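Notes follow the structure.
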Amino acid sequence: MDVSRIREDFPTLKKGDHVYLDSACQSLKPESVIESMLLYYREYPACGGRSVHSMATKVSMKIDGAREKIAKFFSSKDPNEFVFTKNCTESLNMVAKGIKLRKGDVIVTGDAEHNSNHIPWVDLMETAGIKRRFAKTSLKGEFDIEEFKRTMDRSVKIVSISHTSNVTGVTVPLKDIVEIAHDHGALVLADGAQAAPHVPVDLLNLDVDFYAASGHKMLGPSGVGILYGKMELLKELHPLISGGGTVGLATYDSIKLSPPPERFEAGLLNYSGIIGMGAAVDYLQRIGMKNIHEHEKHLQKVLQKEISDLDISTVGPEDPDERGGVFSFNIKGLESHDVAMMLDAKGIMIRSGMHCAHPFFVSRNIHGCARASMYLYNNDEEMKKFADSLRKVIETFA
């Protein structure tokens, strides 16, 4: 994997000598994605699926093409099992609010979920009377399959779990989770926001029932999300939003819903964003997801070596191979926001706080953490620069 060549594709990296280590929040965009979006606005800025003129037809064909590319990226055979949303949060809500849970139904989640996979279930506990169980992880956030098994019985209707944690970088054994859940008659919804950009995801092999992801974390534009669902389940899922584009025919007192995925895509879509998403998965497939995963593990090892003499508390596994592209940490005596601002003054861009995973931090009595997250365009030199800047912060302020 030629990282120096890859970096040439990202216009943001050509400006200045800053180090961008916030890709778990939002990735940078390659020129091919930006150009594909601009081309829509320059040459065929029409509505897809409505008008029949040539410009509108081209939009429809581009949207269909993007859906096919995304299905291929996730090793799925049916593009119609992929719904376009505005982000992973909407995708997760679409399932949580659409599967018709009843009072007393049990759902199981991890204990380190992003708020996108936490708040909707809290809402349903209050409004629908569902019950919730947590598959407890270790203090460092490592997943325990035996603990997960103990949460399962025939009362569980759905397991909703992050494929990869945005705090610790831990990737759960999703295939094993799916098998156990199915043995108990439960469905599985996976939050793939942090996994889809970094590791190969074969949905047919995983046999997961629903899978959610966000384009803006995987080189695509903001405002585009993906929801995968098995077709027989999508047909039973109640739409979160109703309106134009979702019905075959509407009368004054009745509607006939369109088949999936159209029934879930109410109103005008983010056409340029979806086209950009198609270009993003093209780019990722050219690089190869296995190559990206191995590169991130390499960067973690480089970083681990560079900071081995520093007094830093890791939030997450100590083993760099288990952290994916995420390195979360704290420095004794300094608030995470202070660390982030001091690093920013040195040209290092990271994130700080609770990272929308509040229960994880509250349950462990941690007030947040600094998080550096790397991706395919980061290199060894940047890891060393990050480590050197950390060393100066500790020497000066800690």
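In the structure shown, the pairs Lys14/Lys140; Lys29/Lys86; Lys69/Lys297; Lys69/Lys290; Lys15/Lys297 are assessed against 29 Å; a Cα-Cα span above that value is assigned to Lys14/Lys140. Sequence-ordered 3J(HN,Hα) estimates for the range 303-320 from the Karplus curve with 6.51, -1.76 and 1.60 and θ = phi - 60° stand at 5, 4, 5, 5, 9, 4, 9, 9, 8, 10, 9, 7, 9, x, x, 6, 6, x Hz, glycine and proline given as x.
Using Cβ point charges alone (K and R +1, D and E -1), the dipole size of the range 79-178 about the Cα centre works out to roughly 380 debye.
Placing unit charges on the Cβ atoms of the charged side chains and taking the dipole of the chain about its Cα centre, the candidate lying farthest along the positive direction among Phe143, His298, Ala24 is Ala24. Annotation: amide H of Val188 within the under-5 Å range of Val159, Asp209, Phe210, sequence separation 5 or more or interchain, hydrogens built in the peptide plane.
Out of the range 189-266, which trypsin sites (Lys or Arg not before Pro) are coil in DSSP terms and have no more than 13 other C-beta atoms within 10 Å? Working shown, then result.
Values: sites: Lys217, Lys230, Lys235, Lys256, Arg263; in loops: Lys230, Lys235.
Of the trypsin sites (Lys or Arg not before Pro), the ones in loops of the range 189-266 whose Cβ has at most 13 other Cβ atoms within 10 Å are Lys235.
The H on the amide N of Asp22, modeled in the peptide plane, is under 5 Å from the matching H of Ser373, each at least 5 residues off or on a different chain.
Any idea what the dipole of the chain comes to, in debye rounded to 20, about its Cα centre with Lys/Arg Cβ at +1 and Asp/Glu Cβ at -1? Mind showing how you got there, number by number?
Numbers: 48 positive and 53 negative charges, 169 e Å.
Dipole size: approximately 820 debye.
Fewest neighbouring Cβ atoms within 10 Å first, the residues Asp78, Asp253 line up as Asp253, Asp78. Taking amide hydrogens as placed 1.01 Å from N in the peptide plane, the amide H of Gly110 sits under 5 Å from those of Ala135, Ser162, each at least 5 positions away in sequence or on another chain. The trypsin sites (Lys or Arg not before Pro) of the range 297-332 that meet both conditions, a loop assignment by DSSP and at most 11 other Cβ atoms within 10 Å of the site Cβ, are Lys332. Pairs of Cα atoms nearer than 8 Å and 6+ residues apart set the relative contact order; for the chain it is 22 percent. In this Cβ point-charge picture (+1 for Lys and Arg, -1 for Asp and Glu), the range 171-280 has a dipole of about 380 debye about its Cα centre. Centre-to-centre separation between the Cα atoms of the range 48-78 and those of the range 293-330: 40 Å.
Look at the dipole of the range 33-285 built from charges on Cβ: of Ser162, Gly185, Ala250, the Cα furthest out on the positive end belongs to Ala250.
When peptides 26-36, 270-280, 374-384 are sorted by average Cβ neighbour count within 10 Å, with the highest value leading, the order is 270-280, 374-384, 26-36.
DSSP loop GluC sites (Glu not before Pro) in the range 166-274 with at most 15 other Cβ atoms within 10 Å of their Cβ, which ones? Spell out each step's value before the answer.
On the way: sites: Glu179, Glu232, Glu236, Glu262, Glu265; in loops: Glu236, Glu265.
Answer in residue order: Glu236.
For the chain, the residue among Asn378, Pro260, Gly273 whose Cα projects farthest onto the positive side of the dipole built from Cβ charges is Pro260.
Values in this text are rule-based calculations from the coordinates and carry no lab data. Keep in mind that this is a model prediction, so the values were computed, not measured. Positions of Cβ are backbone-derived with ideal geometry, glycine not excepted, and every protein chain shown enters the neighbour counts.
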